[in-house]
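See structure below.
The values are calculated or read from the model by the stated rules, or taken from the named source; none is laboratory data. All of these numbers come straight from a predicted model, not from anything done at the bench. Every residue, glycine among them, receives a Cβ derived from its backbone with ideal geometry; neighbour counts consider all protein chains shown.
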Amino acid sequence: MIRLTLIEARELAESILLYNGFNLAHAQAVAATVVVGERDGCASHGLYRILGCVNSLRAGKVSADAEPQVIDQAPSIVRVDAGGGFSQLAFQASNALRSLYSASGICTPSTRLRTRAA
């Protein structure tokens, strides 16, 4: 059995994603998610999921360098279009904007995905 630290697992996942064409932002976001899955004992959402991410890219089902588009929809509503990329980067973009709406005490992110989450 091979044992990896969480840092080693993240570095492995990132390097595989980068090698296969994902940009750094997507590689980091997806790697962070799969490492949490692995850490929490959910193998289907852990490192195993990297294979599916690479296969989705090779099949043309996902964009390796999509830039999430953030739309200030209305007070307390943030809309994010993932642009054909995996959801993790879009979720990060919507989370970063929640602080803009602290005056109202509520913020609802709405994320448009055109692919399944990794």
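A few remarks follow.
- Unique match (being within 14 Å of the chain's Cα centre (by Cα), at pLDDT 90 or above and polar (S, T, N, Q)) among S87, S94, S63: S63
- Looking across the range 51-75, the residues that are surrounded by 15 or more Cβ atoms within 10 Å (Cβ to Cβ) and in contact with a strand residue (DSSP E or B) (Cβ under 7 Å, 6 or more places away or on another chain) come down to P68, V70.
- Screening the range 80-91 for residues that are touching a strand residue (DSSP E or B) at 6+ places or on another chain (Cβ under 8 Å), of a type outside the set (V, I, T) and buried (at least 18 other Cβ atoms within 10 Å of the Cβ) and picking the one that is nearest to Y19 (Cα to Cα) gives S87.
- Considering only residues in the range 1-49 that are in a helix (DSSP H, G or I) and among the charged types (D, E, K, R), the one that is surrounded by the most Cβ atoms within 10 Å (Cβ to Cβ) turns out to be E14.
- Test: G52 is outside any loop (DSSP other than H, G, I, E, B), small (G, A, S), more than 12 Å from the chain's Cα centre (by Cα) and closer than 21 Å to A93 by Cα: no
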